[in-house]
Amino acid sequence: MGTMTLSVETGQQTATKRCRFCSAALERTFVDLGMSPLCETYPSSADLNRGEVYYPLHAYVCSQCFLVQLDEYESQENIFGEYPYFSSYSDSWLKHSENYCDKMMNRLGLGDQSLVVEVASNDGYLLQYFVQRSVPVLGIEPAANVAKVAIERGVPTLVRFFGAQLAKALAAEGHCGDLVVGNNVLAQVPDLNDFVEGLKILLKPEGVLTLEFPHLLRLMERNEFDTIYHEHFSYFSMLSTVRILKAHGLKVVDVEELATHGGSLRVYASRAEDQTHHIAPSVSNVIVEEKRSGLASLEGYERFARQVKETKLALVDFLIMAARQGKSVAGYGAPGKSATLLHYCGIGKDLIEYTVDRNPYKRGRFLPGTHIPIYHPGRIRETRPDYVVILPWNLQDEIMEQLQFIREWGGRFVVPIPKVTIY
Ligand SMILES: [Zn+2]
């Protein structure tokens, strides 16, 4: 009898989703992009007969704190344990990192008595510049294969997931930072509060924390919906960032707008009680702009889904028209974000025959889910497609310049975002 009662009770479990920051029930959709596989998995030909796991890509906006977020559908270990992305593969990213290093050296007067701690330090792409300038560093990186590369290039790196517990242990051993860096990591943290609490603990009393992340305001303005993917759990505005940091005893003292990742913010924060850093006008400037764009009300967020659907209709319309006219269509690039775009729009090999990529790791493999083959860039010259769809739209100028030769046979470029445009 007792067992029966139990099974009835477990049958009544509710599946309320809760905000990752404030725990309010998540009931308002920001945008529902359907189902897609993890975007950084590129199946080889041997994998093609196996199934692939698809996860919902449904973003919510919290009606209490306006944090835009996905549920965590896959464990952090599965996504990041052997992450194939090495930051040092990108020249422009290295330049960005070296500039940041020089800027921080000057701004904070760092020297051989200072400590710079970076959370999610990847292959040491950033900290190497501090090492070269004789500033002591500590990297924290969960992916063992990536951390190994950092250690080999002389960047001391702990192979651990970061949180309050690890921060306490490091603080107890005297490893607090004059500068604590979190570049493009905050979005990927499932337990946001534990992580931010850890950042605070790791900061010296007058230390500075900098965080870089894609700016939700630009994502919305520029319709960058394909930058929403499973690996990114949270999407931050300045409004939500200030609120989250404040809840953990941190204050935002300055902010810069960067062109990286379709428009990012670099936020500077210090401990709330630290009187040595004053709040720059840049902080309220960004907040005013966000409020004007509707980011302080739910209605402001609800417009986004309509705009995204419109983009899908226009892109699919165009590709169907091209197919009906017997035109050939190829892709350029195999960025992670192409998985979101192609799955949400329902575009497969029937509409884009193949794509090409300069990264040798991806070549000979296939895009996840759609199984669009990825070839060497030379394939474009060989097959002379009528249209080339530029999937990494953020690099469109560079790519159009490289592929000017498609004009020889009357080829045209298609840029899908912010809205379908033919060049
Ligand atoms: Zn919330």
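The values are calculated or read from the model by the stated rules, or taken from the named source; none is laboratory data. Predicted model only: the values in this text are computed from it and were never measured. We place every Cβ from the backbone using ideal geometry, glycine too, and count neighbours over all the protein chains shown. These accessible areas exclude ligands, DNA and RNA; they are computed on the full protein's heavy atoms, side chains included. Shrake-Rupley method; radii C 1.70, N 1.55, O 1.52, S 1.80 Å.
From Tyr344, Tyr423, grab the single residue that is within 23 Å of Gly263 (Cβ to Cβ), touching a strand residue (DSSP E or B) at 6+ places or on another chain (Cβ under 7 Å) and exposed (fewer than 15 other Cβ atoms within 10 Å of the Cβ).
Working: Tyr344 fails: exposed (fewer than 15 other Cβ atoms within 10 Å of the Cβ).
It is Tyr423.
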If we keep only residues of segment 38-62 that are open to solvent by less than 40 Å² (accessible area, probe 1.4 Å) and assigned to a loop (DSSP other than H, G, I, E, B), then the residue modelled with the lowest pLDDT is Cys39
Residue that is farthest from the chain's Cα centre (by Cα), among those in segment 373-412 that are within 29 Å of Leu48 (Cβ to Cβ) and among the aromatic types (Phe, Trp, Tyr)
Tyr387
Within segment 185-207, residues being touching a His at 6+ places or on another chain (Cβ under 7 Å) and farther than 16 Å from Arg20 by Cα number 1
Which residues, taken from segment 269-299, are polar (S, T, N, Q) and more than 25 Å from the chain's Cα centre (by Cα)?
Gln275, Thr276
Would you mind telling me which numbered condition in (1) exposed (fewer than 15 other Cβ atoms within 10 Å of the Cβ); (2) in contact with a Phe, Trp or Tyr (Cβ under 8 Å, 6 or more places away or on another chain) Lys312 fails?
(1)
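On the basis of being of a type outside the set (A, V, I, L, M, F, W, C) and in contact with an Asp or Glu (Cβ under 8 Å, 6 or more places away or on another chain), does Pro392 make the cut?
On the way: of a type outside the set (A, V, I, L, M, F, W, C): yes; in contact with an Asp or Glu (Cβ under 8 Å, 6 or more places away or on another chain): no.
Taking the combined requirement at face value, the residue does not satisfy it.
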Take the residues of segment 196-213 that are open to solvent by 10 Å² or more (accessible area, probe 1.4 Å) and out of contact with any Gly (no Cβ under 6 Å at 6 or more places or on another chain): which is farthest from Asp274 (Cα to Cα)?
Glu197
If Tyr375 satisfies every condition in (1) more than 21 Å from Glu310 (Cα to Cα); (2) open to solvent by less than 60 Å² (accessible area, probe 1.4 Å) but one, which is the exception?
(2)
Within segment 240-270, count every residue that is under 25 Å from Asn99 (Cα atoms) and assigned to a strand (DSSP E or B).
15
Give me the pairs, please: first residue somewhere in segment 135-164 and over 11 Å from Ser121 (Cα atoms), second residue anywhere and basic (Lys, Arg), beta-carbon distance under 9 Å, and either six or more positions apart or on two chains.
Ala164/Lys200
Quick count over segment 271-303, residues being outside any loop (DSSP other than H, G, I, E, B) and either aliphatic (A, V, I, L, M) or at pLDDT 95 or above (or both), is 15
Away from the ligand (no atom under 16 Å from the Cβ), modelled with pLDDT under 95 and not small (Gly, Ala, Ser): which single residue out of Tyr89, Tyr100, Tyr129 fits that description?
Tyr89
Of the residues in segment 108-153 that are hydroxyl-bearing (Ser, Thr, Tyr) and crowded, with 23+ Cβ neighbours inside 10 Å, the one that is farthest from Val185 (Cα to Cα) is Tyr125
Looking only at segment 342-392, which residues are over 21 Å from Thr41 (Cβ atoms) and touching a Leu at 6+ places or on another chain (Cβ under 7 Å)?
Leu351, Ile380, Val388
Take segment 1-37 and flag every residue that is modelled with pLDDT under 90, within 30 Å of Arg243 (Cβ to Cβ) and away from the ligand (no atom under 16 Å from the Cβ).
Thr14, Ala15
Select the helices (runs of 4 or more DSSP H) contained entirely in segment 330-423, then report the ones holding at least 2 residues which are without any contact (Cβ under 8 Å) to a residue 24 or more places away in the chain and either over 15 Å from Pro37 (Cβ atoms) or not basic (Lys, Arg) (or both).
396-402
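Select from segment 17-37 the residues that are assigned to a strand (DSSP E or B) and open to solvent by less than 40 Å² (accessible area, probe 1.4 Å) and list them in ascending order. Break it down stepwise before answering.
Step one: filter segment 17-37 for residues assigned to a strand (DSSP E or B), giving 18, 25, 28-36.
Within segment 17-37, Ala25, Phe30, Val31, Leu33, Gly34, Ser36 qualify.
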